Amino acid sequence: MQKVNKNVVLAVLSLASLLFLLFQLYYYKFHLSQKHVVRKFLGLISSHNIPVYLIDPLILGLIDKDIEQIRSSSDGPSPECKYFCAPRDFTTFALLDKAWKHEVGLFRNAEKIGFQWLKVLNKDPRLDGMDDLSGTEIPLHYIFKLASHAIHLVVFYERNGNFLWHGPLRLKQHVDRKCVPFRKLDFGRYPGAYEKPELLLVSIDDLKVQIPKNPSSFLEEMSHSKFLECRYREARAFFQLYPDDASIDAVEFRKRAKSLLHLAALTLNNLGVKFWLSSGTCLGWYRQCSVIPYSKDVDLGIFIRDYKADIIPAFQKAGLPLKHKFGKVEDSLELSFQGDDDVKLDIFFFYEEDDHIWNGGTQAKSGKKFKYLFPKFTLCWTEFVELKVRVPCETLQYVEANYGPDWRTPVKTWDWKNSPSNVQYNGVWPVDEWDEVIQIY
């Protein structure tokens, strides 16, 4: 009986050892091939002097945990494959469009060393405008595949707002969708906007590669990078119905509004305060890709959670005196600053509830309070008057809440207490609070 037990134990141990050995062989082969593909790709682009940098979120996340050690480490051999051996079907790199000349030789050499490659084109939005809806196509993404691993190369372009932009990945009908798990790619589901990153050359897993100097900041940017284009086609249709005001007063107002918006963005960005285009300024961007000339002000929104006491002194230091302050941080806060030539900057603070978001309004002479209700929304980036700025991602719902179903029709006479579709009476401020909640300068 004892002899049988020993045989069983030996058999089990032998089987377990064999399975473990097979697992090790598979694991080693898979990860060796993955790192091997990355190494061959880096060698390929290096031979063509094409500067790329790593933007793969999984690998950057691993690097970020060890960033201080990586920065201080020597270029000696790594004892283990820690970063490029994380199980992935693909690895993602970025390329600045202006950094290379789209050399045909790159793709010929890629094929010679065994790569299959795919180029994804789409229209260049930088050439779109009111007078010319461009049909020019530009490369947005490249896929280089070798064996079972793929390199996703995302092409970034500079925009007028001094930021980087990448386009969506939209495949043509004839493309084989099984060659790469496109739905799993980290970039390409939507366009994205990023600041220009400072890069750092590091040695990881015996490979030299450039990465964003601050990986955690890049990863945070990535999570809020969705970009919306201005709707030039719809804007052109709008101006066919309602010709643009090209008067001297309108042109001058747009210049002043642009200057004021740039100054406001600089001030709030320096404070680290997130904001978005709101009210008439948002309507102008969404409806006509321009500042509404008869609006006479610039409107911004800020979540009350992002309020900072430094906002008022920062704007005053920037040369914008406080015109009025209504409400308080706990309820219906609203700030207005005086720009040049009677152009105001209005900042509305938004309060989040379980099923909606609202901002408040105050009538100075009566102390009456008003509330403007919006459906819940998230924030996206756009380019407006040569500025990278946020707008509600759900822009149509946001605009319709404020201006109703007829938002496409210009309305030059606007009563902020009665005209908005989403306005509600919200009581009256207690008289003993007026000195705090109604301040006019």
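The values are calculated or read from the model by the stated rules, or taken from the named source; none is laboratory data. Here the structure is a predicted model, which is why all the values come from computation and not from measurement. So basically every Cβ, Gly included, is an ideal-geometry build from the backbone, and we count neighbours across all protein chains shown. Note: areas computed on protein heavy atoms with side chains; ligands, DNA, RNA excluded. Shrake-Rupley method; radii C 1.70, N 1.55, O 1.52, S 1.80 Å.
Take residue 160 and decide whether it is on the phi < 0 side of the Ramachandran plot, in contact with a strand residue (DSSP E or B) (Cβ under 7 Å, 6 or more places away or on another chain), open to solvent by less than 80 Å² (accessible area, probe 1.4 Å) and of a type in the set (S, T, N, Q). Judged against the criteria, residue 160 is not a match. Taking residue 87, is it modelled with pLDDT under 85, assigned to a loop (DSSP other than H, G, I, E, B) and within 15 Å of residue 56 (Cα to Cα)? For residue 87, the condition - modelled with pLDDT under 85, assigned to a loop (DSSP other than H, G, I, E, B) and within 15 Å of residue 56 (Cα to Cα) - is met.
Residues are listed down the side, and each one gets a yes or a no for (1) under 14 Å from residue 301 (Cα atoms); (2) modelled with pLDDT of 95 or more; (3) in the same structural domain as residue 166 (by the TED database):
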| position | (1), (2), (3) |
| --- | --- |
| 368 | no, yes, no |
| 395 | yes, yes, no |
| 412 | no, no, no |
| 430 | no, yes, no |
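Counting just the residues of the range 394-432 that are of a type in the set (D, E, K, R) and without any contact (Cβ under 8 Å) to a residue 40 or more places away in the chain, which one comes out farthest from residue 372 (Cα to Cα)? Among residues in the range 394-432 that are of a type in the set (D, E, K, R) and without any contact (Cβ under 8 Å) to a residue 40 or more places away in the chain, the one farthest from residue 372 (Cα to Cα) is 432. Might you check whether a residue that is at pLDDT below 95, touching a strand residue (DSSP E or B) at 6+ places or on another chain (Cβ under 6 Å) and crowded, with 17+ Cβ neighbours inside 10 Å occurs anywhere in the range 163-181? Yes, the conditions are met somewhere in the range 163-181.
Residues of the range 364-422 that are among the hydrophobic types (A, V, I, L, M, F, W, C) and more than 25 Å from residue 191 (Cα to Cα): 364, 370, 373, 374, 401, 407, 411, 414, 416.
For (1) over 12 Å from residue 287 (Cα atoms); (2) in the same structural domain as residue 283 (by the TED database); (3) without any contact (Cβ under 8 Å) to a residue 60 or more places away in the chain; (4) out of contact with any helix residue (DSSP H, G or I) (no Cβ under 7 Å at 6 or more places or on another chain), each residue gets a yes or a no:
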site: 212; (1), (2), (3), (4): yes, no, no, no
site: 219; (1), (2), (3), (4): yes, no, no, no
site: 239; (1), (2), (3), (4): no, yes, no, no
site: 245; (1), (2), (3), (4): yes, yes, yes, yes
site: 250; (1), (2), (3), (4): yes, yes, yes, yes
site: 257; (1), (2), (3), (4): yes, yes, no, yes
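All of (1) within 21 Å of residue 322 (Cα to Cα); (2) open to solvent by less than 60 Å² (accessible area, probe 1.4 Å); (3) not aliphatic (A, V, I, L, M) hold for residue 340 with one exception: (2). Condition check for residue 211 on (1) surrounded by fewer than 20 Cβ atoms within 10 Å (Cβ to Cβ); (2) of a type in the set (Val, Ile, Thr); (3) under 23 Å from the mean Cα position of the chain (by Cα): one failure, at (1).
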